[in-house]
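Peer 1: Below is the structure I would like to discuss, written out as structure tokens.
The values are calculated or read from the model by the stated rules, or taken from the named source; none is laboratory data. Every value quoted in this text rests on a predicted model; they were computed, and no experiment measured them. Here the Cβ positions follow ideal geometry from the backbone for every residue, glycine too, while neighbour counts run over all protein chains shown. With ligands, DNA and RNA removed, areas are computed over all heavy atoms of the protein, side chains included. Shrake-Rupley method; radii C 1.70, N 1.55, O 1.52, S 1.80 Å.
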Amino acid sequence: VQPARPRWIPEPMMRQLEDPTNLALFPTDDGRTVLRILIGCGLRLKDATRLPFDCVVRDNDTAPYLAWINHKMGNRAAFFPLTEPLAEAIAAQQERVLHRFPDGCRWLFPSDTKNLNGATPRPGSSWRNVLEAWLERIHLTDEHGRPTTIPAHQFRPTLGTRLINADVPQHVVQQLLDHMSPEMTGVYARLLDTTVRRHWQKAIQITGDGQVTPLADDHPLAEATWIRLSMVRAKVILPNGYCATPIHSDCEYAN
């Protein structure tokens, strides 16, 4: 039986989607933030549009994480490391929501219609309509220069493929995307590094400031912190070791 083949978005198309000039043309600010979360965190559209209002948490190293609910896996909580620009975009969205609902709102992306008290999250269908209009506006083309479009669900396998290509260990990708099994992540790659976690547990956990990480093993962010450190080790390899700069910071020596 042939393994399932992921439907990722080719890089020539991703460059068009991530171009700042094109992003600025997205019809709405909240819709643009949804798009950036799909691209940067690989969430399913339903999970992105149903993010809770307070969905950004920080660890003891002040690194930001997206705290999201995996509705497909029994509504379990998961964490994904955020870049500072994306964390700032989410903070701006929170300000917009508070301006609309001064007494507070449960959702980061409340519905635009029939939602006087903010009790209803934005439907994924309405965002898809805006996405299609934006793709037509920026004249998205495929790698052969032909006009094309993309469905929202392709951002998730695209991120998985990008992480694998960046040498992030497969089981780290599995936990980042909150897949139930290695086989689900194996759609993106057939390599599995089973020793990284074991070595990490034996090593001294050091923050970007050179301090021992004080998070207990059973802390909710402990797993996410390990994932962030693993991504740093995989992405920022130096001649004499690994860069300890937090992943949300810039490194002039990054490979």
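Peer 1: Which one of the conditions (1) within 25 Å of ASP19 (Cα to Cα); (2) of a type outside the set (D, E, K, R); (3) touching a strand residue (DSSP E or B) at 6+ places or on another chain (Cβ under 8 Å) does GLN94 fail to meet, given that it meets all the rest?
Peer 2: (3)
Peer 1: What residue, among those in the stretch 4-18 that are within 27 Å of ALA67 (Cβ to Cβ) and part of a loop (DSSP other than H, G, I, E, B), is most open to solvent (accessible area, probe 1.4 Å)?
Peer 2: Restricting to residues being within 27 Å of ALA67 (Cβ to Cβ) and part of a loop (DSSP other than H, G, I, E, B), the top hit is TRP8.
Peer 1: I'd like to verify a number: residues in the stretch 34-49 that are assigned to a helix (DSSP H, G or I) and open to solvent by 10 Å² or more (accessible area, probe 1.4 Å), how many?
Peer 2: Residues in the stretch 34-49 being assigned to a helix (DSSP H, G or I) and open to solvent by 10 Å² or more (accessible area, probe 1.4 Å): 5 in total.
Peer 1: Go through VAL57, VAL97 for me and flag whichever is open to solvent by 40 Å² or more (accessible area, probe 1.4 Å), touching a residue at least 24 places away in the same chain (Cβ under 8 Å) and β-branched (Val, Ile, Thr).
Peer 2: One residue alone meets the criteria, VAL57.
Peer 1: For the stretch 50-66, which positions are farther than 24 Å from PRO151 by Cα and either in a strand (DSSP E or B) or not aromatic (Phe, Trp, Tyr) (or both)?
Peer 2: ASP54, CYS55, VAL56, VAL57, ARG58, ASP59, ASN60, ASP61, THR62, ALA63, PRO64, TYR65
Peer 1: Determine which member of the set THR21, THR62 is closer than 18 Å to ARG228 by Cα and open to solvent by 70 Å² or more (accessible area, probe 1.4 Å).
Peer 2: One residue alone meets the criteria, THR62.
Peer 1: Here's another thing I want to ask about it. MET73 versus (1) in contact (Cβ under 8 Å) with a residue 40 or more places away in the chain; (2) surrounded by fewer than 18 Cβ atoms within 10 Å (Cβ to Cβ); (3) more than 23 Å from ARG228 (Cα to Cα); (4) out of contact with any helix residue (DSSP H, G or I) (no Cβ under 7 Å at 6 or more places or on another chain): which is the lone unmet condition?
Peer 2: Only one criterion is unmet by MET73, namely (3).
Peer 1: Inspect the stretch 113-124 for any residue being modelled with pLDDT of 95 or more and open to solvent by 90 Å² or more (accessible area, probe 1.4 Å) and give the result as yes or no.
Peer 2: No: zero hits.
Peer 1: Sticking with this structure for a sec: Given the condition open to solvent by 20 Å² or more (accessible area, probe 1.4 Å), in a loop (DSSP other than H, G, I, E, B) and either under 15 Å from PHE80 (Cα atoms) or modelled with pLDDT of 85 or more (or both), answer yes or no: does some residue in the stretch 166-174 qualify?
Peer 2: no
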